[in-house]
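Enquirer: Below is one structure. I have some questions about it.
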Amino acid sequence: MNIKDIKSYFPVLNQEVNGHPLVYLDSAATSQKPIQVIEALKKYYEFDNSNVHRGVHTLGNRATDSYEGAREKVRKFINARSTKEIIFTRGTTTALNTVAAGYGRQTLQEGDEIVITYMEHHSNIIPWQQLAKEKGAVLKYVDLQQDGTLSLDAVRAAITNKTKIVSIMYVSNVLGTINPIKDIAKIAHDNGAIMVVDAAQAAPHVKVDVQDLDCDFLAFSGHKMCAPTGIGVLYGKEALLDKMEPIEFGGEMIDFVGLQESTWKELPWKFEGGTPIIAGAIGLGAAIDFLNEIGLDNIAAHEHKLAAYAMDELEKIEGLQIFGPRDPMQRCGLVTFNLDDVHPHDVATVLDMNGIAVRAGHHCAQPLMKWLQVTATARASFYMYNDEADIDRLVAGLRSAKEYFSDVF
Amino acid sequence: MSFNNLDQLYRSVIMEHYKNPRNKGILEENNVTIDMNNPTCGDRIHLTLKLTDGIVEDAKFDGEGCSISMSSASMMTQIVKGKKLEEALELADIFSKMMLGEEYDLDKYDLGDVEALQGVSQFPARIKCATLAWKAMEKGVKSEAQ
C-alpha cells in the first residue's frame, strides 16, 4: 500500500491550515472523501440525475440502476444473503432508531430487558432508553474491564432469559476496542434475544461479515468510510424485516393506497419512504469500490501499525495518559488520550494552530467518560491516508502544547 | 513553532485566572443556583448567586472545563459582584457582543481582566467555552428579575 499515492486521491488533504500542511487526525468523526467518490457524485448530478423507481425515461432508469447497483455493492461488502436485507438510511443513528422504533416497539413487553455496554455511543444508548421508558423495559449496561475491553463473562452475566435485545458497538469510537461480536451474538441467541450491532466505527476499518457474525441487525454510516454524509445502512435478517412494520410512511414505500388502508412495497423498499438518498447511495457504492481496491485487510494492517507507532511515541511524552487497550491488535486506528494539566480543548486548539486536526470532548459517549472518570479527552484517529510523519507532527504538537502551558503556569 | 497566534487567545491574565480562580466553590447562602453545560464538549458550570435588593451581592462558581471556560467564569464572578441586576445583564450582553466581534459601549464599564478574553472571538470553536458562565449568570439573574 503506497500512502503517497493514496494521499493524492484526497484533494482536501492538500492544503495548509494556519500556515502548516494539514494533518487530518479526525477520521473517526468523519473520513475525507477520495476523488473517485467526488467524481461519482459529480457524474450522477451532471448526467443521470433523476428520481428512482418511477420514471419510464432513460435518466430515471439510469438513476435506478445506479441506486440499486449501490445496494448490491453494500450487500457484497457486508456479505448479506440478499439485497432485501439492505436498507438505505440517513446514517447509523437513523438505522438504530429504526430498529428501536420498529422491531423494539412491536415486540417488547413490560419487564423485558435491553442489554448495552458502558462504551456505547449516544446513538446506541438513547433509542433504547426511550424504548425502555415507553415499554417499561429495563436497560442494562455491561461493565467494562480495567483496560476498556469487554469480557464475555460480564456479557453472560448481564444477558438473561428476559433479555430481548442486545445492542453493542463493534468498534469503540473512544477506546478503539474491537468487541467479540460473534461470541456475544451467540450468547444473545442462546437466551432468545436478538443481536444488534453498531458498526459505525467498524465498517470503515475491518471486514464486516453479517453471516459470520450471525447478527440480526447491523447499522453503519457512509461518511466514516469515504462516502458522503447523509447515507447509511441498516442490515436486517430478512425474516425479521418481513415481520417489522415500517416507521416512515409516504411515497415510494407503498404498494396500494386506499382511502382508509394502504399496503407496503416488498423489502427493502417498504422501509424507504420518500425520495431516497440517491446520490448518497451512489457515493457509498463508489466508496465501497475504492475500499475494495485498496483492500480492507491492507487498511486494517496499516492502522494497526499506525496505532502501535502512535502509542509508542505518545507514551514517551511525560504526563500523557492513553485510554483503552495497550495491545494495538486489540484496537482500531485511534488513540484517545489526555495530557496532564492541559485540558483537551486547549490541546486541540494548540494542535489546530499547528495544522493538526484532532477531536476533543466527550465523543458522544458521556456514560463512558463517567466510567473513565474524565469529563473530556482528546482523540487522534487514523485512516488509510495517514502515515508515521503525521504522528510525528502530532507528537511534536503535543510537546509544544505541554511546553506552552508549562510556560504560562 | 510559533506561538504568536496562541498568545492572542491565552493571554497571561487568562492563564492567571485559570491557575488561581476567583470565587471558586459553592456559595452556601445563595438564592439562585444555575447548572449549565456545554453538551458538545462536556464543560460544566455550577453557579450560585446571592441576589439581594436588586444587587448581585455574591457569586461563586464550581465546575469543570478548559482554561477559557474556567477563567471566563472566574472573571465573570469578579466583575458582577456588587453590580445591579440590570448592570449584570448589560455586562452579559456586552460580553456576548465582544465574542461575536460586534461593537459595544467601551466606556460604560471598566471591564478590567475581562478585556483579555477579546482574543477568543478569533477562535470560533472556543467562543462557547467563554460564554458558558455568562449565559448561566444571565439565566440566573433573569429568573430573579422576573
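Enquirer: Name the residue, out of A:Ser151, A:Ser82, that is surrounded by fewer than 22 Cβ atoms within 10 Å (Cβ to Cβ), at pLDDT 95 or above and over 24 Å from A:Leu241 (Cα atoms).
Expert: One residue alone meets the criteria, A:Ser151.
Here is a yes/no grid of residues against (1) in contact with a helix residue (DSSP H, G or I) (Cβ under 7 Å, 6 or more places away or on another chain); (2) at pLDDT 95 or above; (3) aromatic (Phe, Trp, Tyr):
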site	(1), (2), (3)
A:Trp269	no, yes, yes
A:Glu272	no, yes, no
A:Ile277	no, yes, no
A:Ala281	yes, yes, no
A:Leu284	yes, yes, no
A:Ala287	yes, yes, no
A:Phe290	yes, yes, yes
A:Ala300	no, no, no
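Enquirer: Going by the structure shown, is B:Leu91 more than 14 Å from chain A (Cβ to nearest Cβ), in a loop (DSSP other than H, G, I, E, B) and out of contact with any His (no Cβ under 9 Å at 6 or more places or on another chain)?
Expert: So B:Leu91 does not fit the description; no.
Enquirer: What's the number of the condition A:Gln330 fails, among (1) at pLDDT 90 or above; (2) of a type in the set (S, T, N, Q); (3) under 26 Å from A:Val206 (Cα atoms)?
Expert: (1)
Enquirer: Being more than 14 Å from every other protein chain (Cβ to nearest Cβ), touching a Lys or Arg at 6+ places or on another chain (Cβ under 6 Å), closer than 27 Å to A:His122 by Cβ and touching a residue at least 24 places away in the same chain (Cβ under 8 Å) is true for just one of A:Ile288, A:Ile299, A:Ile277. Which residue is that?
Expert: Step by step, each of A:Ile288, A:Ile299, A:Ile277 is checked, and only A:Ile288 is more than 14 Å from every other protein chain (Cβ to nearest Cβ), touching a Lys or Arg at 6+ places or on another chain (Cβ under 6 Å), closer than 27 Å to A:His122 by Cβ and touching a residue at least 24 places away in the same chain (Cβ under 8 Å).
Enquirer: Please enumerate the residues belonging to region A:368-409 that are of a type in the set (Asp, Glu) and within 12 Å of another protein chain (Cβ to nearest Cβ).
Expert: The answer is A:Glu403, A:Asp407.
Enquirer: Just checking, which of A:Ile116, A:Ile159, A:Ile181 is surrounded by 20 or more Cβ atoms within 10 Å (Cβ to Cβ), in contact with a Ser or Thr (Cβ under 7 Å, 6 or more places away or on another chain), free of Cβ contacts under 8 Å to residues at least 60 places away in the same chain and farther than 19 Å from A:Leu334 by Cα?
Expert: A:Ile116
Enquirer: Kindly list, by first and then second residue, each pair from a residue in region A:339-367 that is facing chain B (nearest Cβ under 7 Å) and more than 14 Å from B:Gly65 (Cβ to Cβ) to a residue that is part of a strand (DSSP E or B) and not charged (D, E, K, R), limited to pairs with Cβ atoms under 7 Å and residues at least 6 apart or on different chains.
Expert: A:Asn354/A:His20
Enquirer: Within region A:31-65, work out how many residues are under 28 Å from A:Tyr383 (Cβ atoms) and crowded, with 21+ Cβ neighbours inside 10 Å.
Expert: 6
Enquirer: Just to verify a result, which residue in region B:68-82, among those that are surrounded by fewer than 19 Cβ atoms within 10 Å (Cβ to Cβ) and either among the β-branched types (Val, Ile, Thr) or not in a helix (DSSP H, G or I) (or both), is nearest to the chain's Cα centre (by Cα)?
Expert: So in region B:68-82, the residues surrounded by fewer than 19 Cβ atoms within 10 Å (Cβ to Cβ) come out as B:78, B:81-82.
Next cut, either among the β-branched types (Val, Ile, Thr) or not in a helix (DSSP H, G or I) (or both) only: B:81-82.
Numbers: B:Lys81: 12, B:Gly82: 15 Å.
Checked region B:68-82; the qualifying residue nearest to the chain's Cα centre (by Cα) is B:Lys81.
The values are calculated or read from the model by the stated rules, or taken from the named source; none is laboratory data. Only a predicted model underlies this, so the values are computations on that prediction, with no experimental measurement involved. A quick note on method: Cβ atoms are made from the backbone with ideal geometry, for glycine too, and the neighbour counts reach across all protein chains shown.
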